[in-house]
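The values are calculated or read from the model by the stated rules, or taken from the named source; none is laboratory data. Worth saying up front: this structure is predicted, and the values here are computed from it rather than measured. Positions of Cβ are generated from backbone atoms using ideal geometry, with glycine treated the same way; all protein chains shown enter the neighbour counts. Please note that ligands, DNA and RNA were not included when accessible areas were found on the heavy atoms of the full protein model with its side chains. Shrake-Rupley method; radii C 1.70, N 1.55, O 1.52, S 1.80 Å.
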Amino acid sequence: MTHGVAPAVGLGVANVVVGRALAGRRGITERETAMVERLQEPATPAKDRASRLVSTVADVPASVLHGIAAVAILRHRTGSWRTAALPAVALILETGVYLSVGAVVNRERPAVPRRDHEQPTSSFPSGHQGATVALMTVYAGLARDIRSPALRAAINAACVAYPAALAWSRMYVGMHYPSDVAAGTANGLAAGLLARSCLRRS
C-alpha cells in the first residue's frame, strides 16, 4: 500500500493543477456547459430514469458495498488475500485523490437543470466515475486469468460499457462537466493500476 502513496500524491497534484485551471477559465466553463445542455436535450422520462439508475448504482454507499462484496468473492474464489484486497486498495487510492482534490479545487457544478439529487462535493473530478473505473480496471486485469475466451470477453466488455454509460449519466443529470468525467476516468484507471502494482510489490 505504501508503494502507492507517492504516485497517488503526484496524481493529486496534477489534478489540482488541471482542476484549478479549468475552474478559472470562464470560456472553457461556458463551452462545457453548452455541451452538457446539448446532451440533456431532448429529455425524456425514460432517459431520466435510466440516468438516475446508473448514477445511483455508483453512489458512495453502493460503491463501498460493491467493493466489500468483491473482496469477499475474490477471497473465496482465489484463497488469496492479496488478490482479494485489490478492489479495496483501488477504491482507497481513488477516494483519497478525489476527496483531497475536490476540497482544493472546489469547482462549481454546471449551471444546468438537475435530474439527480444535489451533492455537496466539488464538480471536479467525478468521484462516481473514478471509483467505478478503478473497480473496472481491477476486474479487467483479473479477467486475464480466466480461461474461457467468451467469459473473458464479456467481462472486458462490461468493464468498458458501464463506465461509458456512467459518464453519459453524470453529465445528463447535470452533475458534471465533460472534463470532470475525463479526470475521474483517468484517476480511476491510475488507481486500479496502482493497486495492482502495490500488491504485486508487497
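Based on what the data block shows, is LEU65 among the aliphatic types (A, V, I, L, M) and either over 26 Å from GLY12 (Cα atoms) or open to solvent by less than 30 Å² (accessible area, probe 1.4 Å) (or both)? Spelling it out, it is not the case that LEU65 is among the aliphatic types (A, V, I, L, M) and either over 26 Å from GLY12 (Cα atoms) or open to solvent by less than 30 Å² (accessible area, probe 1.4 Å) (or both). Among the numbered conditions (1) in a helix (DSSP H, G or I); (2) under 15 Å from LEU86 (Cβ atoms); (3) of a type in the set (D, E, K, R), the only one that ASP145 does not meet is (1). Cβ-Cβ contacts under 6 Å between residues 6 or more apart (or on different chains), taken from a first residue in the stretch 145-174 that is farther than 22 Å from VAL54 by Cβ to a second residue that is open to solvent by 20 Å² or more (accessible area, probe 1.4 Å) and not in a loop (DSSP other than H, G, I, E, B), are listed as ILE146/ARG152.
Which of the residues spanning the stretch 1-20 are more than 20 Å from the chain's Cα centre (by Cα) and either over 30 Å from ARG196 (Cβ atoms) or open to solvent by less than 40 Å² (accessible area, probe 1.4 Å) (or both)? Across the stretch 1-20, there are no qualifying residues.
Answer yes if at least one residue in the stretch 107-118 is outside any loop (DSSP other than H, G, I, E, B), open to solvent by less than 30 Å² (accessible area, probe 1.4 Å) and among the hydrophobic types (A, V, I, L, M, F, W, C), and no otherwise. No, every residue in the stretch 107-118 fails to be outside any loop (DSSP other than H, G, I, E, B), open to solvent by less than 30 Å² (accessible area, probe 1.4 Å) and among the hydrophobic types (A, V, I, L, M, F, W, C). Go through the stretch 131-170 and give me each residue that's small (Gly, Ala, Ser) and buried (at least 23 other Cβ atoms within 10 Å of the Cβ). Result: ALA131, ALA134, ALA167, SER169.
Restricting to the stretch 32-69, name every residue that is of a type in the set (Gly, Ala, Ser), assigned to a helix (DSSP H, G or I) and at pLDDT below 90. Answer for the stretch 32-69, where residues must be of a type in the set (Gly, Ala, Ser), assigned to a helix (DSSP H, G or I) and at pLDDT below 90: ALA62, SER63, GLY67. Going by what's in this entry, would ALA182 be described as without any contact (Cβ under 8 Å) to a residue 24 or more places away in the chain, closer than 24 Å to ALA23 by Cβ, assigned to a helix (DSSP H, G or I) and within 17 Å of the chain's Cα centre (by Cα)? So ALA182 fits the description; yes.
In the set GLY19, GLY12, GLY27, which member is more than 23 Å from ALA164 (Cβ to Cβ), touching a residue at least 12 places away in the same chain (Cβ under 8 Å), part of a helix (DSSP H, G or I) and of a type in the set (Gly, Ala, Ser)?
Sole residue among the options that is more than 23 Å from ALA164 (Cβ to Cβ), touching a residue at least 12 places away in the same chain (Cβ under 8 Å), part of a helix (DSSP H, G or I) and of a type in the set (Gly, Ala, Ser): GLY12.
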